[in-house]
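Here's the structure, in structure tokens; my notes come after.
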Amino acid sequence: MTRKLYFLFVLSCAVAHLTRAQCDFTISPSNPAVNCQYAIEEVVWISATNLAVTGNNVVKNAGGNNNFNAGAVSTASINNFGYIETTVNETNRDRAFGLSTTDGGVDRNSIDYAIQFRNNSLLRIYENGTVVENPGFYSTGDVLRIEVDNNMVKYFQNGNLLRISNTAPALPMIADISIDDIGGTLEDVVIAN
């Protein structure tokens with residue numbers, strides 16, 4: 001936030017003339033993660049391929065199964081201390097959601113930092129197309145989040161930390177999704193900064 005601040009200067013002690021000077025300054029919290037509230041909004045999807053989009057929900061409706069060929073990206077981006085989040089609707093279809101610097105296409109491997117929901121109820125974490133962790137099972141109703149906190153990418157399941165990436169992100173980043181199976185969904189996807 002930028003504000004104008006006025007100072008009074010004494011130009012001459014004998015005459016005691018007062019004059020005003022104007023300068024601009026910026027107020028920044030010392031710890032934005034603690035002192036600032038998030039602005040949370042539903043993701044608006046663009047570049048949708050083989051998807052039906054309804055608000056911040058998507059479902060794969062074309063392109064066949066066993067092929068990560070459906071995807072989209074968000075119009076909004078995040079910076080440091082931002083995140084994306086979704087609530088799991090099913091456990092029997094492969095899909096991935098994550099953060100990317102640019103729209104690299106609809107394939108899962110084009111997402112810079114991704115959580116894959118496998119069709120056998122297992123989670124996988126990918127970074128730039130490489131599996132970096134298999135953190136375990138997920139269930140319908142789970143809330144999954146990927147956030148940038150102090151320039152570190154962190155992955156969460158129901159508020160529990162799954163992984164901290166060893167690779168610093170290039171900011172800003174957009175939400176990026178890829179779906180493998182017909183009928184696979186990503187629902188209630190939000191983005192926050």
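The values are calculated or read from the model by the stated rules, or taken from the named source; none is laboratory data. Keep in mind it's a predicted model, so treat the numbers as computed, not measured. Because the Cβ atoms are built from the backbone with ideal geometry, glycine has one as well, and the counts that use them run over all protein chains shown. The accessibility values were calculated without ligands, DNA or RNA, using every heavy atom of the protein model including side chains. Shrake-Rupley method; radii C 1.70, N 1.55, O 1.52, S 1.80 Å.
Against the list (1) farther than 14 Å from residue 176 by Cβ; (2) open to solvent by less than 30 Å² (accessible area, probe 1.4 Å), the condition residue 86 fails is (1). Under the condition of being open to solvent by 70 Å² or more (accessible area, probe 1.4 Å) and not polar (S, T, N, Q), the residues counted in segment 151-163 number 2.
Each row is one residue, and each column tells you yes or no for (1) at pLDDT 95 or above; (2) of a type in the set (A, V, I, L, M, F, W, C); (3) open to solvent by 60 Å² or more (accessible area, probe 1.4 Å).
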position	(1), (2), (3)
8	no, yes, yes
27	no, yes, yes
30	no, no, yes
73	yes, yes, no
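For residue 65, the criteria (1) free of Cβ contacts under 8 Å to residues at least 24 places away in the same chain; (2) out of contact with any strand residue (DSSP E or B) (no Cβ under 7 Å at 6 or more places or on another chain) hold in every case but one, which is (1).
Under the condition of being part of a loop (DSSP other than H, G, I, E, B) and either under 18 Å from the mean Cα position of the chain (by Cα) or more than 20 Å from residue 190 (Cα to Cα) (or both), the residues counted in segment 100-148 number 16.
Taking segment 149-177 on its own, how many of its residues are in contact with a strand residue (DSSP E or B) (Cβ under 8 Å, 6 or more places away or on another chain), hydrophobic (A, V, I, L, M, F, W, C) and in a loop (DSSP other than H, G, I, E, B)? Count: 2.
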